[in-house]
Amino acid sequence: MIKIYVAKHSGFCFGVKRAMHIIDDVSKSGKSKPIYTLGPIIHNPQTVDKLKKKGISPLDNLDNLRSGTVILRTHGVEKNLLKELKSKRVDVIDATCPFVSRAQDYVRTLHENGYKVIIVGERNHPEVLALKSQIDDAIILESLKDIVKIKNIETQRVGIVSQTTQSIENFKAMVNLVMDYFKEVLVINTICNATSQRQESAIALSRKVDLMLIVGGKNSGNTMRLYTLCKRIAKSTYHIETEKEIKKSMLKNVKSVGIAAGASTPDWIVKNVKTFIKKIYKEELKND
Ligand code: SF4
């Protein structure tokens, strides 16, 4: 019989669960309609589609926004965009994850205390853009290649924070890099606990199975990082959004499957993946 294991820390994290509850409360309350999210509330296309069916759509921009309620995404919102939004006649509900808000607070505090702020993260990720927007001159370090950005900075005091879903490995590598260039380096590890636990449990699981499936949005940064971390350990690691991407060939000679899901992956998708694997396996047995 095939063994299927789900990583201990998998699926919706605290911040995503909180955001989904907020959406639920808003949709049941008397808040003005239509209801929007500013950008996709989380990076999971299947969840966003379900919300659309309930009449809650993501907004790409504020150009045609005249009325209704706008819910801010878990990743936070760029300062200018928030200012523009607040100038409109709409209700604004904040579903920014408190851990993201805390990272934004650190960016502002470091800046106010005279530190040049460096953010370790993906330069185009909404959370990182929102973090950067808190002050005028923050620097984003995404990879070691970004060294050129810090080489000629005329300061000796820098403060470093991280995108909340970075891997600790990448964050440490960037901190080491920065320490070569500045006398005073204040490091604030803003990676959230949910991310660290998720990554550790996925890595541990990938060590003991024949096949590792990372389930989550292809646009989800934290899911992509789970994939990268596990792929280094288990060559047979695949990133899928739903069970529809599982091919029978992936399961050939496989006796154990590990499933790890990103912070924005709902339980029902993980359940579908498990059910699908069991079904394929039963069909295979029948044909033996
Ligand atoms: S991954 Fe962490 S920071 Fe991001 S929403 Fe979840 S709990 Fe919040």
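The numbers here are math on the coordinates, done by the rules we state, and not lab data. None of these values were measured; they are calculated from a predicted model. All Cβ positions, even for glycine, are placed from backbone atoms using ideal geometry, and neighbour counts span all protein chains on display.
Assorted remarks:
- Mean sequence separation of contacting Cα pairs (under 8 Å, at least six apart), scaled by the length of the stretch 14-96, corresponds to a relative contact order of 34 percent.
- A viscosity of 0.890 mPa s and a temperature of 25 °C, combined with the Kirkwood radius over C-alpha pairs in the Stokes-Einstein formula, give the stretch 1-156 a diffusion coefficient of 140 µm²/s.
- Pairwise label distance in nanometres, V148 with R18, each label 7 Å out on the Cα-Cβ vector: 3.9
- Taking amide H atoms as placed 1.01 Å from N in the peptide plane, the amide H of G76 lies under 5 Å from those of C97, each 5 or more residues away in sequence or on another chain.
- Rounded tilt (10° steps) of 221-233 against the dominant C-alpha axis of the chain: 50
- Cα centroid separation - the stretch 244-262 against the stretch 71-147, whole Å: 37
- M212, M1, M174, M224 arranged by Cβ crowding within 10 Å, fewest neighbours leading: M1, M224, M174, M212
- Alpha-carbon Debye profile of the stretch 95-250, log10 I(q)/I(0) at 0.11 Å⁻¹: -0.48
- Sorting V158, V254 by the number of Cβ atoms found within 10 Å of their own Cβ, with the fewest placed first, yields V254, V158.
- The packing ranking, built from the mean of other Cβ atoms within 10 Å per residue, places the peptides 96-103, 179-186 in the order 96-103, 179-186, highest first.
- Largest to smallest principal axis extent of the C-alpha atoms in the stretch 99-187, angstrom: 28, 27, 18
- Chymotrypsin sites (Phe, Trp or Tyr not before Pro) restricted to the stretch 1-91 and DSSP loop, no more than 13 other C-beta within 10 Å: none
- Note on the stretch 14-96: percent of Cα-Cα distances in each 10 Å bin, starting at 0 and stopping at the bin with the largest distance, equals 18, 57, 24, 0.
- With Cα atoms, 0 to 90° folded angle of helix 267-287 axis to the chain main axis: 20
- Rg followed by Dmax, in Å, when the chain is reduced to its Cα trace: 21.0, 70
- Each label was represented as a point 7 Å from its Cα along the Cα-to-Cβ direction; for N189 and T109 these points are 1.7 nm apart.
- Working note: Karplus 6.51/-1.76/1.60 with θ = phi - 60° gives the stretch 141-155 the couplings 10, 9, 9, 4, 5, 6, 3, 4, 6, 10, 4, 10, 6, 8, 7 Hz, where Gly and Pro are set to x.
- Fully extended contour minus Cα-Cα distance, from M179 to K274, at 0.36 nm per residue: 29.7 nm
- Modelled label positions at K8 and T155, each set 7 Å beyond Cα in the direction of Cβ, lie 3.9 nm from each other.
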